[in-house]
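Encoded as structure tokens, the structure appears first; notes follow it.
The values are calculated or read from the model by the stated rules, or taken from the named source; none is laboratory data. Everything numeric here is computed off the predicted structure, so don't read it as measured data. Counting neighbours? That spans all protein chains shown, and the Cβs are built from the backbone with ideal geometry, glycine included.
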Amino acid sequence: MKFISTRGQVPLASFKQAVSRGLAPDGGLYMPTRIAELPGSFWTGLRGKSLPEIAAVLFNELIGDEFEAGFLEQLAAEAFDFPAPVVPLDDRTGVLELFHGPTLAFKDFGARFMARIMPECKVSANGRPLTVLTATSGDTGAAVAKGFHGVEGVRAFILYPKDKVSPLQERQFATLGDNITAIQVDGTFDDCQRMVKEVFASAELSESYNLTSANSINIARLIPQMVYYVNTWASLTREQPHRKITFVVPSGNFGNITAGVLAAHLGMPNVQFIAATNANDVVPEFLERGVYQPRPSVATISNAMDVGSPSNFERLEHLYGGNHAALRSFLKGDRVSDARTREVIARVFHEQGYLSDPHTATGIEVWNRMCGQSRYANDYGVVLATAHPAKFIEVMEQELPGQTIMPDRLAELRDRDVLSVPIAAVSKALVDLL
């Protein structure tokens, strides 16, 4: 399979080339050139397989022309050695728990895949180590730091906005040292993302420092994230083959939901998607009014979604050939205030005994608002739980004192020193640090 830039101004790339570059030379994002629907037999053949087995089948289908099947099977088994269960809330709703990996967030799927495949895609041509640049609003940084920590020949720089990630999130990626450098940017996540893109825009810098990215701008983040959508579909339709599923996805940079939409374009049957956001609602606003207007992000209690200019909206546009009417017809969305998010956290626990972090709570609220609409009347709603509640212990304790058990792997971080480097929100400061 070949990959094309969403801006179409550069030659086609192989998967290895797309991964090693991260961002296309014309500033676009890489996408598959041809997304043809796979036959029904492909999908029915996945029922009864384990998550790593489904991952291996999907990887072979998408990138098997560049890697040996045995390598992809081993990669799937090693990267996805933790479960992704669907926990029922009621007869119309289940929660897909994606936080059972090492850093307790869905980003582990993409980061563990990337840490294993990156050395196969990008080889240093000048003797310098590979340099992974990543902007994070919280969970990406932890997953990338954990995945790449100690990997020989790779150094990772993680940019995050000062005072805009939770203390535990910060300690997950800013206490490791070694080949991991945490960079505290005096700005927002959008500033961090802009700085990364500006550095990538320089061909000289990209070549000199062997740059690549582990953000969702890199296609290697999206392909492994397709796996848990397909695994969930296969599991839920095993006994009910014609079951209709609506995935409700807490969304910030929109990479997560784009991975699901890609799976739908490959032919995954009977699925729909709803994006849930917080006050940073540029995409729901577009879906309602037809106007896409990025703006500065605002801080909320669901900080991983504090993105005012989602990079992957460009991929969604590309999937629909710039046909905004078609995109708006397929994808729906809504936003949830902080006050309402707090209410949902408390209500879901008291009524259904389930602890939901602030991001998951936005998804539950949006599904409850929309599940009565005619287009979802026969659907089972699967809300993606993107992070463990303990990662947002301050909010959880305010709403449900004493109910959130702190996993040992998080509790041990509390006394570690933060090793981050503070810089201004300008790309020159990043270049100087590199």
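List of remarks:
- Helices (runs of 4 or more DSSP H) contained in region 88-187 and holding at least 2 residues of a type in the set (A, V, I, L, M) and out of contact with any Pro (no Cβ under 7 Å at 6 or more places or on another chain): 107-121, 139-148
- Residue within region 200-207 that is at pLDDT below 90, buried (at least 21 other Cβ atoms within 10 Å of the Cβ) and part of a loop (DSSP other than H, G, I, E, B) present: no
- Number of positions in region 358-397 that are of a type in the set (Asp, Glu) and more than 25 Å from Gln225 (Cβ to Cβ): 2
- The single condition among (1) surrounded by fewer than 23 Cβ atoms within 10 Å (Cβ to Cβ); (2) out of contact with any helix residue (DSSP H, G or I) (no Cβ under 7 Å at 6 or more places or on another chain) that Thr360 does not satisfy is (1).
- Candidate set: region 254-280, residues that are in contact with a Gly (Cβ under 8 Å, 6 or more places away or on another chain), under 16 Å from Gly363 (Cα atoms) and not small (Gly, Ala, Ser); chosen: the one surrounded by the fewest Cβ atoms within 10 Å (Cβ to Cβ): Phe273
- When Leu72 is tested against (1) touching a residue at least 12 places away in the same chain (Cβ under 8 Å); (2) assigned to a helix (DSSP H, G or I); (3) more than 24 Å from Ile257 (Cα to Cα), exactly one condition is not met: (3).
- Applying the set (1) crowded, with 20+ Cβ neighbours inside 10 Å; (2) of a type outside the set (S, T, N, Q); (3) over 30 Å from Met195 (Cα atoms); (4) out of contact with any Asp or Glu (no Cβ under 9 Å at 6 or more places or on another chain) to Val366 leaves exactly one unmet item: (4).
- Residues (farther than 13 Å from Ala390 by Cβ and in a helix (DSSP H, G or I)) located in region 346-358: Ala346, Arg347, Val348, Phe349, His350, Glu351, Gln352
- Selection count where residues are touching a residue at least 40 places away in the same chain (Cβ under 8 Å) and not in a helix (DSSP H, G or I), scope region 385-434: 22
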